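Remarks on the structure that follows.
None of the figures in this text is laboratory data; all of them are computed from the coordinates on show. The structure presented is a predicted model; accordingly, all values stated were derived computationally and were not measured. When we count neighbours, we look across all protein chains shown, and the Cβ atoms used for this are built from the backbone with ideal geometry, even at glycine.
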Amino acid sequence: MTLLRFEHVGGEASLRSLQDWRHVHNTIIPAHVLSLDDVRERAGRNHLEVAYLDDVLVGCSTVRPPADAPAPDAPATATVIARVLAAHRGRGFGGEMYERGLKHARALGAQVIETVVLSSNPDGLRFALKHGFAETERYLLPGDTVPWIDLRLSA
């Protein structure tokens with residue numbers, strides 16, 4: 001039984017859900033601050049949700065749907081990201097958000113699931129490793145000083 005209430009961010013999303021998704025993202029990924037217009041654009045191509053415990057913001061998630069495969073026989077790959085504010089970590093909320101995202105990605109036809117974590121987020125990296133992901137790559141985006149870590153679900 002879930003304690004969380006989820007709200008989809010996209011289409012006719014409320015301003016509050018856009019602002020809350022942006023707040024969680026910008027808190028956890030301060031190196032890549034997004035505007036509300038950035039969030040609206042992401043909501044147009046990805047499945048975004050915010051999670052609340054009663055009316056308290058807990059976190060947000062992103063499911064990037066499978067894109068066209070680089071080769072005809074390549075598996076459909078989606079990215080699932082769950083972000084939980086520090087005050088709410090360690091209570092199973094990230095796992096619940098991740099499971100929702102995983103179910104959504106698979107419903108979209110994903111055969112392979114990836115995630116990405118900023119290396120300055122050790123809680124996020126521990127979470128991904130604990131949930132069966134294995135590191136595939138570390139890299140810096142142009143202008144960045146903190147590496148990103150790509151991980152792939154090994155199961």
| query | Cα atoms only, region 48-110: Rg and Dmax in Å? | reply | 13.9, 45
| field | Cα centre as origin, Lys/Arg/Asp/Glu Cβ charges: the chain dipole, Debye | value | 300
| query | For the chain, modelled as a Gaussian network with Cα springs under 10 Å, which listed residue fluctuates most, Leu34, Leu140, Leu125? | reply | Leu140
| request: Sort all Cα-Cα distances of region 39-80 into consecutive 10 angstrom bins from zero, then give the percent of pairs in each bin up to the one containing the longest distance. | output: 26, 37, 25, 10, 3
| said: Which residue fluctuates most in the GNM of the chain (Cα springs below 10 Å): Leu141, Leu48, Leu18? | reply: Leu141
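Using the Cα atoms of region 93-155 to build a convex hull, what is its mean projected area in square nanometres? Mind dumping the intermediate values first?
Values: hull surface 18.9 nm².
So the Cα hull casts an average projection of 4.7 nm².
Given +1 on the Cβ of Lys and Arg, -1 on the Cβ of Asp and Glu, and no further charges, what dipole in debye does region 64-114 carry about its Cα centre, rounded to the nearest 20?
Details: 7 positive and 5 negative charges, 72 e Å.
Using only the charged Cβ atoms, the result is roughly 340 debye.
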| message | Which of Val33, Val58, Val24 ends up with the largest GNM mean-square fluctuation for the chain, with Cα atoms connected below 10 Å? | response | Val33
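If you filter region 46-147 for GluC sites (Glu not before Pro), then keep DSSP loop positions with at most 16 other Cβ within 10 Å, what is left?
Numbers: sites: Glu49, Glu96, Glu99, Glu114, Glu135, Glu137; in loops: none.
Filter output for region 46-147: empty list.
Rounded to the nearest 0.05, what FRET efficiency do Gln111 and Asn26 give with R0 = 30 Å and r taken as the Cβ-Cβ distance? Could you check?
Details: r = 32 Å, r/R0 = 1.06.
Step by step, r from the Cβ atoms, then E = 0.40.
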| Inter-label distance, nm, simple model (7 Å from Cα along the C-beta direction), His8/Asp144 | 3.0
